[in-house]
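The values are calculated or read from the model by the stated rules, or taken from the named source; none is laboratory data. Just so it is clear, the structure is predicted and the values come from calculations on it, not from any experiment. FYI the Cβ positions are ideal-geometry reconstructions off the backbone, even for glycines, and counts take in every protein chain you see. Just so you know, the surface numbers come from the protein's heavy atoms only, side chains and all, with ligands and any DNA or RNA stripped out. Shrake-Rupley method; radii C 1.70, N 1.55, O 1.52, S 1.80 Å.
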Amino acid sequence: MISKFTAAAGFVAAVLAGMPAHAQQASSKLDEVLSRGHLILGTGSTNAPWHFKSAEDKLQGFDVDMGRIIAKALFGDPEKIEFVNQSSDARIPNITTGKVDITCQFMTVTGERAQQVAFTIPYYREGVGLMLKADGKYGDYEALKAAGSSVTISVLQNVYAEDMVHAALPEAAVDQYESVDLIYQALESGRADAAATDQSSLAWYMTQNSGRYKDAGYGWNPQTYACGVRRGDQDWLNFVNTALHEAMTGVEFDFYAKSFKTWFGKDLTPPEIGFPVEYK
Amino acid sequence: MDVSFIDQLWLARIPLFKGLGISVSISFLSIVAGTVLGVFVGLALVYGYRPVRWIVRGYTDFIRGTPVLVLVLASYYVLSAIGIDLGPFQAGVLALAVFCSSHVGELVRGALQSIPKGQTEAAKAIGLTFAQTFAYVLGPQALRQALPAWVNTAAEMVKASTLLSIIGVGELLLRTQEVISRTFMSLEFYFFAGFLYFVINYGIERFGRYVERKTAVPS
């Protein structure tokens, strides 16, 4: 499916490349959004806790909250958003073809992508973590590592899954599963001693099942998440950066911290007053 | 687990029902539009003047040789690049209808060509116009010929409608994935979605059988 899509996207990109670029507009996307009166945000709907539907069928999650921060900065109203529901594969095409003003959809910053879209400042650092049963045999990462080849780790099926686990636990046995619910089930039923996946997913699962699981206290494979906008519009990029920056360090910190607590279950310490944290 | 699946299913009934509605609408619209367009494509392939025939032949060969996913992406992205800005739903239905039309066109061509030439000549001899010949002589026979294959194509369209989840149309598959991301019950909900797709396709199959019976030559 993915490779088929890549080929298809390549075809579409080739067709687009053959067309004349849109005439450069004098005014920025910022003016366009302001006069339109709402933000068009591209995000998904199938990945908790980033962007997913509540039982009431309302889009929610950390990515969605990043969009709300931007909408609040634009209009003073976090609700003024029109969502464009897109698959992960559609993130970059929807930015480059102007279907969305901005995409916030757990997009990992890479050099390759940065050539196609302009990334905002980061709003989260993702990494792989290990989740243990609270009353299980192993207490933490050190115990798992010391147990060597007698531990089994459940992980999502992936070409790099084995290497990824072995980067942290070189001797562990690796069991690969089709979907996230199955890796959790393997841990629950005792077929695996720990589940390895994105720390955000683990954090969300642990807040959902409070007290039953614990984090092994080790993270690796860092990835930066940032929103993306179309290249070549510095004004708009600056605006979005300012909005996100002030949510993490300034007037909107409480909004950001509340969202962080809701989706990842952790309390953030407010930025130190006085000398700006950015320069430390 | 079973009890809680029923609870989760009940909780998710509205989004899933909406998704089912969207899937059925996409399929219905694209099958109807594709069939109407396809009949003209088929007629052009058999009776068109040579240049028309060549153009239509190029159209069907190009469309049939292209993956549906590419058509879906093209109608969503390429059309917007040339100034026709369709929403995901419209773009998706357009792509599927075009795909359907090329298949139906070939079915109609095959069915028409399987009718002995003598019948067209006989119709001409008794003074029927082309429209009358098609309506009273060729059409009904071609319908019988093409029906089983048409049911097949219609079922394909229902399955192809799942591809629209890529461009963010909230059809049954995407809705199911949304529910799974909240409940972590992938097997149960995928099975349920599979069951619903089966029901839709079974309905189409029954409808095809019904029309076949209605149009059968009384023996």
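A few remarks follow.
- Wholly within region B:1-82, helices (runs of 4 or more DSSP H) carrying at least 1 residues that are under 30 Å from residue A:188 (Cβ atoms): B:2-11, B:13-47
- Options B:90, B:132, B:113; residue that is open to solvent by 60 Å² or more (accessible area, probe 1.4 Å), within 14 Å of chain A (Cβ to nearest Cβ), out of contact with any Lys or Arg (no Cβ under 8 Å at 6 or more places or on another chain) and modelled with pLDDT of 90 or more: B:90
- For region A:59-78, a tally of residues being within 16 Å of the chain's Cα centre (by Cα) and open to solvent by 20 Å² or more (accessible area, probe 1.4 Å) returns 4.
- Residues in region B:48-62 that are aromatic (Phe, Trp, Tyr) and exposed (fewer than 15 other Cβ atoms within 10 Å of the Cβ) were compared, and the one that is farthest from the other protein chains (Cβ to nearest Cβ) is B:49.
- Checked against (1) open to solvent by less than 60 Å² (accessible area, probe 1.4 Å); (2) within 13 Å of chain A (Cβ to nearest Cβ); (3) part of a helix (DSSP H, G or I), residue B:196 passes all but condition (2).
- Boolean, residue B:148 is away from chain A (no Cβ under 14 Å), under 18 Å from the mean Cα position of the chain (by Cα) and open to solvent by 40 Å² or more (accessible area, probe 1.4 Å): yes
- Looking across B:160, B:142, one residue alone is over 30 Å from residue A:185 (Cβ atoms) and within 14 Å of chain A (Cβ to nearest Cβ). It is B:160.
- Taken over region A:79-107, the criterion of being open to solvent by 30 Å² or more (accessible area, probe 1.4 Å), over 24 Å from residue B:163 (Cβ atoms) and in contact (Cβ under 8 Å) with a residue 24 or more places away in the chain is satisfied by A:80 alone.
- When region A:75-115 is filtered for residues that are outside any helix (DSSP H, G or I), under 23 Å from residue A:234 (Cβ atoms), among the polar types (S, T, N, Q) and within 14 Å of chain B (Cβ to nearest Cβ), the ones remaining, listed by number, are A:97, A:103, A:105.
- Region B:1-35, residues that are loosely packed, with under 14 Cβ neighbours inside 10 Å, more than 12 Å from chain A (Cβ to nearest Cβ) and of a type in the set (Val, Ile, Thr): B:3, B:6, B:32
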